[in-house]
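Have a look at the structure below, then the notes.
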Amino acid sequence: MTAAASLPIRHPPLSRALAAAARAVAEVLAGRTPEAALAAAADEVRPAARDLAFNALRDFGRGDFLLARLLSRPLKDQKARALLLTALSRLERRPEEAHTLVDQAVEAAARPFKGLTNAVLRNFQRRRAELVAAADADEVASFRHPRWWLDLLRVAYPDHWQEIAAAGNGHPPMTLRLNARCRLASADFLARLAETGAAGRALDETAILLDCPMPVERIPGFREGCVSVQDWGAQQAVRLLAAQDGMRVLDACAAPGGKAAHLLERHDLELTALEADERRARRIDENLVRLGLAAQVITGDARRPANWWDGRPFARILADVPCSASGVARRHPDIKWLRRAADVAAFAQTQAAILDALWPLLVPGGKMLYCTCSVFPAENGEQVRAFVARHPDARRLPTGGELPELQLLPTALHDGFYYALLEKCP
Ligand SMILES: C[S@@+](CC[C@H](N)C(=O)[O-])C[C@H]1O[C@@H](n2cnc3c(N)ncnc32)[C@H](O)[C@@H]1O
């Protein structure tokens, strides 16, 4: 054995990960994305900091409830408050680590807040049973979603709104999509995966659900463009759109290009990928290059076709519109706390404007697939019913079985997605 091999692995102290996580939580609560907020963390602490920060954000409604009972007055310093939120989340999730955690949180606190951090966390430990019981009896603290969000879920899903909220607090599955052009059978891919020490199972011909998430650079075939990461719910778009070789297709809200790439892996298409955000549009190009695929990528607003459309109609349109992302809250725990109830109505208005603007671009007999990653009816069924009422030449087609819509709720297999297929009467 070499000297290097015999050295014990040294993990950076938990206090550094806690400090980095707390900084990120404070920034996210001020409006930054978690990715941008965590970019400042040192490489060796980032994975642990990410885990701590994401859990603190998942648990924010509960942490906020507990802090209101543990502090005699609101704490103005947002970093000190974020450290307490992060530590409380960890204390509840890992009670067996309480002693170390409190020491490390005090170490992580800025000098003026060391005493307060120690007092609040030890107080929580002392009053744990009473505080946990109170939090469990409070809806926002126990379901860890804002009240308006829970109210929307309860009205839409009276029998299982609690399960949807619980799924929104869980850890998301990691699912891969095998590039059909690589002709890699799922059994062969699973064998190559096993060689790396990882495991998964095939959900269909090209979807592989991993037993545990893993870094993309370790996924066999990723670098070569034979494998991509894409939730199984998102993978349903291509099947439902049912494009055929040679068709002219518009992906109207395309970045980062997951569904556009999936379409091109399956069919030879003349694909236009439209995206309003120029920076995000560049990600479509990057993804297509990695996969060896080609499309016409345009930066433009789907509500204003006059600015980018060449006048030739499309046989298929995918409208994967901007939405509340309420079906993928477990991947983006910040959105639960940064969105407001009014945002849902604002998204619904934009979605209606996009649908109305795209409809004239569809050839008679053509199909448009409307898609969101939301579970709120205002963005889904209500949106599509209103659209059909405004457009007498629109007919709803089944999306599996007899149903005219597919509402996937977040589960261990996929995220929350909504699909409705619309045909333009010739
Ligand atoms: C749900 S994401 C699309 C995901 C993409 N289809 C995929 O599978 O990778 C919605 C995208 O629409 C873009 N967007 C928002 N408003 C838009 C508009 N008015 N016109 C075109 N794109 C828009 C957003 O920037 C975002 O990238």
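For region 411-425, name all the residues that are within 19 Å of residue 316 (Cα to Cα), open to solvent by less than 40 Å² (accessible area, probe 1.4 Å) and either at pLDDT below 95 or within 27 Å of the chain's Cα centre (by Cα) (or both).
418, 419, 420, 421, 422
If I filter region 315-347 down to residues being surrounded by 22 or more Cβ atoms within 10 Å (Cβ to Cβ) and over 13 Å from the mean Cα position of the chain (by Cα), which single residue comes out as farthest from residue 232 (Cα to Cα)?
347
Mind checking which pairs have a first residue in region 231-243 that is without any contact (Cβ under 8 Å) to a residue 40 or more places away in the chain and more than 10 Å from residue 417 (Cα to Cα) and a second that is within 13 Å of the ligand (Cβ to nearest atom) and assigned to a helix (DSSP H, G or I), Cβ under 6 Å, 6 or more apart or different chains?
Pairs found: 238/262; 238/263.
It is to be established whether one or more residues within region 135-144 are farther than 16 Å from residue 64 by Cα and of a type in the set (Lys, Arg).
The answer is no, given that none of the residues of region 135-144 is farther than 16 Å from residue 64 by Cα and of a type in the set (Lys, Arg).
Any idea which residue in region 129-156 is nearest to residue 59 (Cα to Cα), counting only those that are touching a residue at least 24 places away in the same chain (Cβ under 8 Å) and not hydrophobic (A, V, I, L, M, F, W, C)?
Only one residue tops the list, namely 144.
Which condition number in (1) modelled with pLDDT under 95; (2) of a type outside the set (Gly, Ala, Ser); (3) touching a His at 6+ places or on another chain (Cβ under 9 Å) is the one that residue 183 fails?
The single condition residue 183 does not satisfy is (3).
Has region 34-45 got any residue that is assigned to a helix (DSSP H, G or I), open to solvent by 20 Å² or more (accessible area, probe 1.4 Å) and touching a residue at least 60 places away in the same chain (Cβ under 8 Å)?
Filtering region 34-45 for residues assigned to a helix (DSSP H, G or I) gives 34-39.
Among the residues that remain, those that are also open to solvent by 20 Å² or more (accessible area, probe 1.4 Å) are: 35-36, 39.
Add one more test, that the residue is touching a residue at least 60 places away in the same chain (Cβ under 8 Å), and what stays is none.
The answer is no, given that none of the residues of region 34-45 is assigned to a helix (DSSP H, G or I), open to solvent by 20 Å² or more (accessible area, probe 1.4 Å) and touching a residue at least 60 places away in the same chain (Cβ under 8 Å).
Just give me the residues in region 349-392 being of a type in the set (D, E, K, R) and either out of contact with any helix residue (DSSP H, G or I) (no Cβ under 8 Å at 6 or more places or on another chain) or closer than 15 Å to residue 320 by Cα (or both), in sequence order.
Residues satisfying the conditions are 356, 367, 379, 385.
Does region 168-212 hold any residues that are in a helix (DSSP H, G or I) and within 30 Å of residue 150 (Cβ to Cβ), and which are they?
168, 169
Give region 389-410 a look and list any residue that's of a type in the set (Gly, Ala, Ser) and open to solvent by less than 60 Å² (accessible area, probe 1.4 Å), or say none.
394, 400
Please give the helices (runs of 4 or more DSSP H) falling wholly within region 250-361 in which 1 or more residues are away from the ligand (no atom under 11 Å from the Cβ) and among the polar types (S, T, N, Q).
It comes to 341-358.
Give region 389-416 a look and list any residue that's of a type in the set (A, V, I, L, M) and within 20 Å of residue 237 (Cβ to Cβ), or say none. Lay out the reasoning, then the answer.
At the first step, the residues of region 389-416 found to be of a type in the set (A, V, I, L, M) are 389, 394, 397, 403, 406, 408-409, 412-413.
Result: 394, 397, 403, 406, 408, 409, 413.
The values are calculated or read from the model by the stated rules, or taken from the named source; none is laboratory data. Everything quoted here is computed from the prediction, not taken from an experiment. Every residue, glycine as well, gets a Cβ built from its backbone with ideal geometry; the counts of neighbours run over all protein chains shown. Heavy atoms of the whole protein, side chains included, go into the accessibility calculation; ligands, DNA and RNA do not. Shrake-Rupley method; radii C 1.70, N 1.55, O 1.52, S 1.80 Å.
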